[in-house]
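Quick notes on the structure that follows.
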Amino acid sequence: MNKHTSLKARGSLLERAAEAYDFQKLFAPPAATPEAEIPPVEAQPAPIAVAPPVRMESVAPRWVPMTPVPFTLAKPEAVPVPAPKADRTGHIDREALAEAGFIVPDAPVSALSEEFRIAKRQLLIAARGDAAGPLPKGRMILVCSAQPNEGKTFCAINLALSIAAEKDVDVLLVDGDFAKPEIPAILGLETGPGLMDALADPALDVERCVIRTDIPGLSVLPAGRQTHNDTEQLASAHTQAVLESLLAHDPARIVIIDSPPALAASPASVLALHAGQVLMVVRADQTSESDLRDAIGLLSGCETIQLLLNGVQMAAGGRRFGAYYGYGD
């Protein structure tokens, strides 16, 4: 630059250098050279290799013996049952007993309590024995009926409550209706391990399943777990040993078993084999003579069978138990 050079600004140095040296032309890409047109080539099919024929020789079939593999059906694991408490106790709901029409301990004498006073006396005489001696296994009493809804559970509970009032007797009420156990619910007791658990587990002491109630002289043994082979379980030698242990535990104990209906469930006939006395509940105007005969035939494993008429309506001038004590109508 000299004094004759024009001072007129023509842009920055970078702009003027780019104009002087034509950077755009310098860095422009070269012109593309047209390529020669290549004629298309038709694709030729690849040659297929043909394998030479293979001669197949016939082979005679040969029998290969198969070694049988033994198949073992795995047994289902038993569901563990929680061990019962060492000393099970329970409170009897007396208000529920009164509302349901049962005998209430320490309540005024009623016609119902008087009827069971008469019924229990014959059973106790046979259990304790007379001049001829006690009845074999007479302290184990089975309460049964021919069909459902004839009052067997009602009579079993009332009989147990009445016998518990005796001064020198303890009563064990056993719920032997394994398919439809009702005794704990009626008395307001908790269910839990019971007779069937002790029968299924030889290591379980049946006395640990017994519930001591707050009614003096009355204990309850629940039915326990439900099973599909209760009849076969009851017919086992272990069952006989367990039931005999219930009697041997206390010489003053009377065992009352509430059985399933004889014509509705097979365990009743097996339980009769273990009992010394059977109390057959007959519902007035409901139990037919044919049902009664069939039921007694099924319970013939016990030689001593007595009938108890339930639901009878007394005619005017007949029994009016309770009135003598001032509590009747």
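Condition check ((1) surrounded by 20 or more Cβ atoms within 10 Å (Cβ to Cβ); (2) more than 14 Å from Arg88 (Cα to Cα)) across all residues:
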position: Lys180; (1), (2): no, yes
position: Ile183; (1), (2): yes, yes
position: Glu190; (1), (2): no, no
position: Pro193; (1), (2): yes, no
position: Arg212; (1), (2): no, no
position: Leu221; (1), (2): yes, no
position: Thr227; (1), (2): no, yes
position: Asp230; (1), (2): yes, yes
position: Thr239; (1), (2): yes, yes
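Filtering the range 86-118 to residues that are of a type in the set (D, E, K, R) and assigned to a helix (DSSP H, G or I) leaves Arg94, Glu95, Glu99, Glu114, Glu115, Arg117.
Contact map, the range 150-178: first residue within 22 Å of Arg225 (Cβ to Cβ), second residue basic (Lys, Arg), Cβ cut-off under 6 Å, separation 6 or more or different chains; pairs are Leu172/Arg253. Among the residues of the range 273-285, some residue qualifies, meaning at least one is more than 16 Å from Asp175 (Cα to Cα), assigned to a helix (DSSP H, G or I) and modelled with pLDDT of 95 or more.
Could we say that Leu247 is surrounded by 14 or more Cβ atoms within 10 Å (Cβ to Cβ), in contact (Cβ under 8 Å) with a residue 24 or more places away in the chain and part of a helix (DSSP H, G or I) here? In short, yes.
So that you can scan it fast, the table gives a plain yes or no per residue for (1) surrounded by 13 or more Cβ atoms within 10 Å (Cβ to Cβ); (2) modelled with pLDDT of 85 or more:
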| residue | (1), (2) |
| --- | --- |
| Ala74 | no, no |
| Ala83 | yes, no |
| Thr89 | no, yes |
| Ala98 | no, yes |
| Asp106 | no, yes |
| Gly133 | no, no |
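Residues in the range 181-229 that are in a helix (DSSP H, G or I) and under 16 Å from Asp258 (Cα atoms): 7 in all. How about the range 286-314: which of its residues are assigned to a helix (DSSP H, G or I) and either modelled with pLDDT under 95 or of a type in the set (D, E, K, R) (or both)? Listed by number, the residues that qualify are Glu289, Asp291, Arg293, Asp294. When the test is whether a residue is over 23 Å from the mean Cα position of the chain (by Cα) and not acidic (Asp, Glu), Ala265 does not pass it. Quick check: is even one residue across the range 250-263 over 19 Å from Glu182 (Cβ atoms) and buried (at least 22 other Cβ atoms within 10 Å of the Cβ)? Within the range 250-263 (the criterion being over 19 Å from Glu182 (Cβ atoms) and buried (at least 22 other Cβ atoms within 10 Å of the Cβ)), the answer is yes, since at least one residue qualifies. With respect to the conditions (1) in contact (Cβ under 8 Å) with a residue 24 or more places away in the chain; (2) among the acidic types (Asp, Glu); (3) closer than 15 Å to Ala179 by Cα, Glu232 falls short on a single one, namely (1). Just to be sure, is Ile157 within 16 Å of Leu271 (Cβ to Cβ) and aliphatic (A, V, I, L, M)? Considered against the rule, which asks whether it is within 16 Å of Leu271 (Cβ to Cβ) and aliphatic (A, V, I, L, M), Ile157 comes out as no.
The values are calculated or read from the model by the stated rules, or taken from the named source; none is laboratory data. For clarity, every value in this text was computed on a predicted model and none was experimentally measured. A quick note on method: Cβ atoms are made from the backbone with ideal geometry, for glycine too, and the neighbour counts reach across all protein chains shown.
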